[in-house]
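Okay, so here's the structure we're looking at.
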Ligand SMILES: C[S@@+](CC[C@H](N)C(=O)[O-])C[C@H]1O[C@@H](n2cnc3c(N)ncnc32)[C@H](O)[C@@H]1O
């Protein structure tokens, strides 16, 4: 699996500055309080720059983030403190001495695992790091929506201090693999020198159907508790790009 976010990680928080992280954490906290009211410890898998982890820590959880990209890990780790820690590791193979009540994997991290072997390894490893009855909550790209809406070319323009940034995302569907290849091109123009830097990264995103998640859950000792649109709680449909699944360790 090619490493993502090593080049574009520096601009991650800027690109997602309007992502409703606070609302997402309210949604997650509600799910946790309903399904596992005694939960105190959380492992955040693919914790990125640590925004969910920080907000969950503020809500009183003890949070440990696992992140494969050194660049993203370093950004998150600047905020580490008692009860908020980060580890530069792969969710398929990370090891921790302690087990957790809740495993989260947010903003399509599981979609970055493209092949079945990686998915089985990750789900088994996550299962082993949960206490009995622990929850695994994650959102992924949803196959019915990907086939219905089809990924389109997207352009995002931003300015920060001395630079203007344009991000172009062009996608190719690989239907035999349930995968979409997203090619990012990022142009960073300095106002001072008038020079433009160009970065490129390819993100291969797997999408899932509910029976596929159910099968994966069964194979790795989880029970599927629910599936709904992330944040809104609506029933998944062909308009639902990101579906949130909640599994319970059995
Ligand atoms: C779209 S970002 C989401 C980051 C964060 N969860 C958020 O919501 O902002 C996906 C993250 O998953 C990480 N990631 C992808 N595959 C991973 C793996 N196998 N192990 C650990 N982290 C992984 C990437 O490096 C990236 O930081």
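The values are calculated or read from the model by the stated rules, or taken from the named source; none is laboratory data. These numbers come from a predicted model, not from an experiment. Every residue, glycine among them, receives a Cβ derived from its backbone with ideal geometry; neighbour counts consider all protein chains shown.
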query: Quick check: is even one residue across the range 156-174 within 12 Å of the ligand (Cβ to nearest atom) and either in a helix (DSSP H, G or I) or touching a helix residue (DSSP H, G or I) at 6+ places or on another chain (Cβ under 9 Å) (or both)?
result: no
- request: Answer with yes or no whether residue 25 is in contact with a helix residue (DSSP H, G or I) (Cβ under 6 Å, 6 or more places away or on another chain) and either in a helix (DSSP H, G or I) or more than 13 Å from the ligand (Cβ to nearest atom) (or both).
  value: yes
message: Looking only at the range 38-73, count every residue that is away from the ligand (no atom under 11 Å from the Cβ), more than 17 Å from residue 99 (Cα to Cα) and in a loop (DSSP other than H, G, I, E, B) and tell me the total.
response: 2
- line: Per the filter on the range 111-140, residues within 12 Å of the ligand (Cβ to nearest atom), more than 20 Å from residue 28 (Cα to Cα) and surrounded by 15 or more Cβ atoms within 10 Å (Cβ to Cβ) are 112, 113, 114, 118, 119, 121, 122, 125
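So that you can scan it fast, the table gives a plain yes or no per residue for (1) touching a strand residue (DSSP E or B) at 6+ places or on another chain (Cβ under 8 Å); (2) under 25 Å from residue 123 (Cβ atoms); (3) outside the structural domain of residue 25 (by TED's automatic domain parsing):
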| residue | (1), (2), (3) |
| --- | --- |
| 170 | yes, no, yes |
| 180 | yes, yes, yes |
| 193 | no, no, yes |
| 198 | yes, no, yes |
| 201 | yes, no, yes |
| 223 | yes, yes, no |
| 233 | no, yes, no |
| 236 | yes, yes, no |
| 241 | yes, yes, no |
message: Could you tell me how many of the residues in the range 79-110 are more than 15 Å from the ligand (Cβ to nearest atom) and not in a strand (DSSP E or B)?
response: 6
Any hit, the range 192-208, residues being surrounded by fewer than 15 Cβ atoms within 10 Å (Cβ to Cβ), touching a helix residue (DSSP H, G or I) at 6+ places or on another chain (Cβ under 9 Å) and more than 24 Å from residue 6 (Cβ to Cβ): no
- prompt: Taking the condition at pLDDT 90 or above and in contact with a strand residue (DSSP E or B) (Cβ under 7 Å, 6 or more places away or on another chain), does residue 28 pass?
  reply: yes
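Condition test on residue 17, is it within 12 Å of the ligand (Cβ to nearest atom) and surrounded by fewer than 21 Cβ atoms within 10 Å (Cβ to Cβ)?
yes
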message: So residue 165 ticks every box in (1) under 20 Å from residue 116 (Cα atoms); (2) at pLDDT below 95 but one. Which box is left unticked?
response: (1)
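Got a sec? Which of 223, 185, 212 is outside any strand (DSSP E or B) and surrounded by fewer than 18 Cβ atoms within 10 Å (Cβ to Cβ)? Write out each step before concluding.
On the way: 223 fails: outside any strand (DSSP E or B); 185 fails: outside any strand (DSSP E or B).
Exactly one residue qualifies, and that residue is 212.
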field: Criterion violated by residue 42 - all others in (1) under 26 Å from residue 248 (Cα atoms); (2) at pLDDT below 95 satisfied
entry: (2)
